[in-house]
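The values are calculated or read from the model by the stated rules, or taken from the named source; none is laboratory data. Not measured: the values here are computed from a predicted model. As a convention, Cβ positions derive from the backbone with ideal geometry for all residues, glycine included, and neighbour counts pool all protein chains shown. Note: areas computed on protein heavy atoms with side chains; ligands, DNA, RNA excluded. Shrake-Rupley method; radii C 1.70, N 1.55, O 1.52, S 1.80 Å.
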Amino acid sequence: MSVSFPLHLWRLVPPRALLGLLLLMVLGSLSEGAGLLMLVPILQALQTSAALSAGLWRSALGALGITPSLGVLLALFVLIVVLRSALLYSRDQLGAKLQCKLVDALRQRCFGALLHSEWRALAAHRKSDHASLLLTDVNRVGLALQAALALAAALITLAVYLLAAAALSRDMTLLALASAAAVFGALAGQRRSALALGQELGRANRALHARVQESMAGIKLAKILRTEERHLQAFERVSAALREQQLRFTAASGLARALFQVGGALLLAGYLYLGLHWRAVPVAQLLTLVLVFARLIPLASAMQQSYQQWLHAYPAQQEVARLLAACHEQAEPAALAGCAAWPVRHDISVHHASVRYPERARAALDQVSIRFAANTTSAIIGPSGAGKSSLADVLMGLLAPDQGELRVDGVAVTGEQRLRWRHSVAYVPQETFLFHDTIRNNLLWGALQATDSELHAALARAAADFVSALPQGLDTVVGDGGVLLSGGERQRLALARALLMRPSLLILDEATSALDVDNEARVRDAIDQLHGDLTVIIIGHRLAMLEHADQIIELRDGQVFASKEAPHGHAA
């Protein structure tokens, strides 16, 4: 069973804190070993009802000027137990903090990596898979850290126990070590099973997140189509699959624990018999050895459990490592410091741009060349699949074409310039996205420092004066995705948010296709008022919107089929 340790994930743990934790582990284990070794002189003192006659503890206490009586030994034993309890408490608290730090830092790094990845790479994956990784897999990495720390603590304690046992009887210690290794080897199948179950658990988690996301998004449709039971049954299936993987791991862990207990009892009985009849170990030492070996058995079982838990979480570590590597490979260029606005003084142009996707045989854009004059309104039309959305992504700097380039006033928008240009572009899609928050906070995503007067000015330009008539005004909560507003109201708020950015280019992607005539007229009037102030590109097919365009560009099969000035457009 070969697994590669993803060290770069664990470098997020502060080194000093990790060293402090390891020190607490060592000190805690040493204190436990010291407490066990004290049992020998205590038992000797109980047998003789006198002071300790010889040995390490007599020499150590004598050097301090202390007579090693039974009372002194018992007091020292209690002091060691108190010290060990304090060390273990500190160890557990620090371990929990390190686990939280790792999870938080790793989750932030993964989310940041996704945010700074190329759009093409993000669009190729399900959002629910990324959500599953951020919410579930990263937590499992935290559990892997917890298991690794528990395994390290157990290994250190085991080493101390073995040293203590070797000080009492080397032969018995070697026998115990050999038998423990045999039991650990016999459970190799359980560890392989834990790794396989961890991989299955990851797939089950992703399936559950995908089902939840799709089902929540489709609740309205499910009610309309009366398919609530079908959604519920699908949810039950993926939930049952996830629970099955969890129960299988629990069963495997329980079986390993039971085998350790049975094997441990047999070994302990054998050690006692051999100690008495084979090595003739003195009773005080033999009882201490039995106690040490009795502690070793559950310790070895805990090591097996910790290792299985680490293996069970290992696939999650692999998923996180793969995501970070893929995001690093597909990362966007670093943003320029203090991205200034990029005004359009002459034109925006696309030169011989081609965009291809691996899953499609035909290019989404094929050698497209278009020019958009500054401060004009252009319309892009065409059937579904013609390449309109891909062209919009190129114009926004969201998508770098495979061939060709985007230019603004003759300057190529490539590399880090794409991020600078993107700060000067506003986009209003057909499906408006609003946070479950107030109108004010939704608008402030367009300009964080905007004043109330600037917010109202943007609302007026977007024909969204309805906000003033709301009882709470700007402090009105819009609901999940803006569900408490009408479609037209959501679109006008999205337009106001876009205008707050003071963009050089405004792209409206099918922004009125789902609106009624009255709301479409309001949005159309708002767009008409923008003419001459900024460059506007309208993607759609509604004839009413085309009447306000200076030029109309028709796409078919990823190519420019026709380009002409609109017969009723504004003067350029």
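Exactly one residue out of ALA386, ALA353, ALA361 is outside any helix (DSSP H, G or I), open to solvent by less than 10 Å² (accessible area, probe 1.4 Å) and without any contact (Cβ under 8 Å) to a residue 60 or more places away in the chain, and it is ALA353.
Just to be sure before I move on: is ASP129 under 30 Å from MET396 (Cα atoms) and acidic (Asp, Glu) in the structure I sent? Criteria met by ASP129. Checking the range 509-525 against the condition returns a match, with at least one residue being part of a loop (DSSP other than H, G, I, E, B), β-branched (Val, Ile, Thr) and in contact with a helix residue (DSSP H, G or I) (Cβ under 9 Å, 6 or more places away or on another chain).
Among the residues making up the range 410-420, those that are touching a strand residue (DSSP E or B) at 6+ places or on another chain (Cβ under 7 Å) and not polar (S, T, N, Q) are ALA412, VAL413.
A search for C-beta distances below 9 Å between a residue of the range 413-440 that is more than 24 Å from ALA400 (Cβ to Cβ) and any residue that is among the basic types (Lys, Arg) and open to solvent by less than 60 Å² (accessible area, probe 1.4 Å), counting only pairs 6+ apart in sequence or on different chains, returns LEU434/ARG497. Just one residue in the set GLU431, GLU405, GLU416 is within 27 Å of the chain's Cα centre (by Cα) and farther than 29 Å from ARG490 by Cβ; that residue is GLU416. The condition (being more than 19 Å from SER132 (Cβ to Cβ), modelled with pLDDT of 75 or more, in contact with a helix residue (DSSP H, G or I) (Cβ under 9 Å, 6 or more places away or on another chain) and open to solvent by less than 50 Å² (accessible area, probe 1.4 Å)) is satisfied by just one residue among ILE156, ILE219: ILE156. Where helices (runs of 4 or more DSSP H) fall entirely within the range 415-491, those with at least 1 residues that are among the charged types (D, E, K, R) and open to solvent by 50 Å² or more (accessible area, probe 1.4 Å) are at 417-422, 439-444, 452-461. Of all residues in the range 389-409, those satisfying the criterion of being more than 15 Å from SER504 (Cβ to Cβ) and not in a strand (DSSP E or B) are SER389, SER390, LEU391, ALA392, ASP393, VAL394, LEU398, LEU399, ALA400, PRO401, ASP402.
Screening the range 127-153 for residues that are closer than 16 Å to GLN318 by Cβ and among the small types (Gly, Ala, Ser) and picking the one that is surrounded by the fewest Cβ atoms within 10 Å (Cβ to Cβ) gives ALA148. Pairs linking a residue in the range 103-123 that is open to solvent by 70 Å² or more (accessible area, probe 1.4 Å) to a residue that is part of a helix (DSSP H, G or I) and not basic (Lys, Arg), with Cβ atoms under 8 Å and 6 or more positions apart or on different chains, are ARG109/LEU324; PHE111/LEU134; HIS116/CYS327; TRP119/ASP393. Scanning the range 368-383 for residues that are surrounded by 16 or more Cβ atoms within 10 Å (Cβ to Cβ) and part of a loop (DSSP other than H, G, I, E, B) yields ALA374, ASN375, THR376, GLY382.
Could you go through the range 244-251 and let me know if any residue there is closer than 25 Å to ALA321 by Cα, open to solvent by less than 40 Å² (accessible area, probe 1.4 Å) and touching a helix residue (DSSP H, G or I) at 6+ places or on another chain (Cβ under 8 Å). Within the range 244-251, one or more residues are closer than 25 Å to ALA321 by Cα, open to solvent by less than 40 Å² (accessible area, probe 1.4 Å) and touching a helix residue (DSSP H, G or I) at 6+ places or on another chain (Cβ under 8 Å). Part of a helix (DSSP H, G or I) and open to solvent by 20 Å² or more (accessible area, probe 1.4 Å): is that true of ALA182 in this structure? So ALA182 fits the description; yes. Residue count for the range 304-319 under the criterion of being surrounded by fewer than 21 Cβ atoms within 10 Å (Cβ to Cβ) and among the hydrophobic types (A, V, I, L, M, F, W, C): the result is 0. Is it the case, given these coordinates, that LEU455 is over 23 Å from HIS346 (Cβ atoms) and free of Cβ contacts under 8 Å to residues at least 24 places away in the same chain? Spelling it out, it is not the case that LEU455 is over 23 Å from HIS346 (Cβ atoms) and free of Cβ contacts under 8 Å to residues at least 24 places away in the same chain.
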